[in-house]
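Inspection log for the structure reproduced underneath, given as structure tokens.
The values are calculated or read from the model by the stated rules, or taken from the named source; none is laboratory data. Being a predicted model, the structure only gives us computed values, none of them experimental. Glycine also receives a Cβ, built like all others from the backbone with ideal geometry; neighbour counts cover every protein chain displayed.
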Amino acid sequence: MNFEYYNPTRLIFSSGSLKRLGEVSVQYGKRALLVTGGGSVKRNGVFDRAVASLEQAGIAVAECSGVEPNPRITTVRRGARIARDEGCDLIIALGGGSVMDAAKVMAAAHYYNGDPWDMIYHGQPKPYLPTRALPVITVPTLAATGSEMNMGAVISNEETCEKSFVQAECLYPVTALVDPELTISVPQDQTAYGICDIITHVTEAYFNGVDGTPVQDRFAEGTILTTIQYGQRALADGNDLEARAQVQWASIVALNGWVNAGTNGGFPVHMIEHTLSAYHDVTHGAGLAVVNPAWMRFAARHRPEKFVQFAERIFGLRGKDADNLDCALEGIKRFETYLHSIGCPTRLSELKIDDTLITRYAQDTLRIIHDKHGNLPGRPPLSGSDIEQILR
Ligand code: NZQ
Ligand code: ZN
């Protein structure tokens, strides 16, 4: 286990902190592009409160609203244009992962004369890796992706049916202003999909990473157990602020590089889900709920001992031996049952996807990312027919 850890994002985690947005932002600029989604922040008053705080600090606000879930490259281009035309020197993302991801790529596009789609890894020989971006402040309104404190962004291209990622150090937000009160209005289904996303970020690293990471294993298990425990409360009562806060903190650590430091694994479940989203505009966490247990069943046969550990430490099961496959599979079944119990789909049919395009999903996933043998990186590496088998 050898690694470097770097995360330059300042994290302000505090209920009621939205009112500090202006004070926090003013050191980075005087003209902000405020990026938002399809309207939730306008309906619940958060947008007006954000603008009031910015204006009070003397920051002029330009707006880019309408970022869609599974944000489109066309929206990124539009936002980048507004930022240029309005002379913005700072970008504020007020919304879920889609808004934050779009805002990050708009920020990098500011210093790039080509098409921002060049930055997104989609099988081209050499994606353009951005090295400079406008400062981004993230104000998440949904606990799920951890985008507020990481260097990733995921963007879709409707024309080419592709959805993929960019990762670059310049995309780390300068500050994440996290106010758990903003997540109170998230409906039950999105809350459940967020929970699935958080857990899947952790399980990807846990199961695909290198051997010999006991500290990360315990971080991961603690994050999963906390998400299940407080997620249950947030689902039962969306106004339970403590539960919302714990889930949101879990969402941040799950993907800010800390829990998975040094694990160095692929994210095969995410890569497969991104293809489903690209074709069918699936909600990310819902797609993961379908793919993750199916992937686990496939992978458990190759590495049963790690799945036995998961079954024992998360669901309190006892394997007869450290590599007892029955115990591993029982743990996966419990996980799948849990996802279903909180309202996540666990079958493609529940996403209204049939099996006619399964071969194409596998090929497209591999076109976007593959190792030198042409397989999807992970433990085990997956061939096209492996991916098909998982999806079936
Ligand atoms: O668009 P609005 O009107 O704001 O409504 C959104 C949207 O309909 C709604 N919502 C958000 N906050 C709300 C709220 N509704 C009521 N009250 C609130 N406070 O929730 C819906 C989903 O929003 P979205 O931003 O799409 O969800 P999420 O945060 O799950 O983000 C998903 C996107 O992030 C990408 C996914 O692939 C997907 O495109 N990911 C980004 C990652 C990253 N940057 O690190 C990693 C992830 O694995 C993921 O791939
Ligand atoms: Zn995810």
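List of remarks:
- So residue 246, is it of a type outside the set (Phe, Trp, Tyr), surrounded by fewer than 23 Cβ atoms within 10 Å (Cβ to Cβ), within 15 Å of ligand 2 (Cβ to nearest atom) and at pLDDT 95 or above: no
- From the list 210, 269, 291, the lone residue that is under 21 Å from residue 369 (Cα atoms), at pLDDT 95 or above and over 17 Å from the mean Cα position of the chain (by Cα) is 210.
- Any hit, the range 242-254, residues being over 28 Å from residue 123 (Cα atoms) and over 19 Å from the mean Cα position of the chain (by Cα): yes
- Matching residues, the range 344-371, being assigned to a loop (DSSP other than H, G, I, E, B) and acidic (Asp, Glu): 354, 355, 371
The rows are residues; the columns are (1) buried (at least 20 other Cβ atoms within 10 Å of the Cβ); (2) of a type in the set (Ser, Thr, Tyr).
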| site | (1), (2) |
| --- | --- |
| 292 | yes, no |
| 298 | no, no |
| 303 | no, no |
| 310 | yes, no |
| 317 | no, no |
| 321 | no, no |
| 339 | yes, no |
| 360 | no, no |
| 365 | yes, yes |
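- Close pairs from the range 129-144: first within 18 Å of residue 119 (Cα to Cα) and in contact (Cβ under 8 Å) with a residue 24 or more places away in the chain, partner crowded, with 24+ Cβ neighbours inside 10 Å and β-branched (Val, Ile, Thr), Cβ under 6 Å, at least 6 apart: 134/91; 136/91
- First in the range 220-245 and closer than 17 Å to residue 342 by Cα, second anywhere and of a type in the set (Phe, Trp, Tyr), Cβ under 6 Å, 6 or more apart: 243/230
- Residue among 133, 143 that alone is at negative phi, within 15 Å of the chain's Cα centre (by Cα) and in a loop (DSSP other than H, G, I, E, B): 143
- Of the residues making up the range 63-121, those that are within 17 Å of residue 25 (Cα to Cα) and either more than 12 Å from ligand 1 (Cβ to nearest atom) or among the polar types (S, T, N, Q) (or both) are 63, 83, 87, 88, 89, 90, 91, 92, 107.
- Unmet criterion (only one of (1) farther than 19 Å from residue 276 by Cα; (2) crowded, with 19+ Cβ neighbours inside 10 Å; (3) in contact (Cβ under 8 Å) with a residue 60 or more places away in the chain) for residue 331: (3)
- Candidates 18, 11, filtered to the one that is among the hydrophobic types (A, V, I, L, M, F, W, C), at pLDDT 95 or above and in contact with an Asp or Glu (Cβ under 7 Å, 6 or more places away or on another chain): 18
- Candidates in the range 8-18 are the residues that are outside any strand (DSSP E or B) and surrounded by 14 or more Cβ atoms within 10 Å (Cβ to Cβ); of these, the one that is nearest to the chain's Cα centre (by Cα) is 9.
- Any chance residue 230 is aromatic (Phe, Trp, Tyr), at pLDDT 95 or above and within 15 Å of ligand 1 (Cβ to nearest atom): no
- Some residue of the range 372-387 being free of Cβ contacts under 8 Å to residues at least 40 places away in the same chain, buried (at least 16 other Cβ atoms within 10 Å of the Cβ) and not in a loop (DSSP other than H, G, I, E, B): yes
- Flag if residue 252 is of a type in the set (Val, Ile, Thr), away from ligand 1 (no atom under 11 Å from the Cβ) and in contact (Cβ under 8 Å) with a residue 12 or more places away in the chain: no
- If you check 225, 182, 142 for being surrounded by fewer than 22 Cβ atoms within 10 Å (Cβ to Cβ) and modelled with pLDDT of 95 or more, only one passes: 225.
- A count restricted to the range 288-339 and to residues that are of a type in the set (S, T, N, Q) and not in a helix (DSSP H, G or I) stands at 1.
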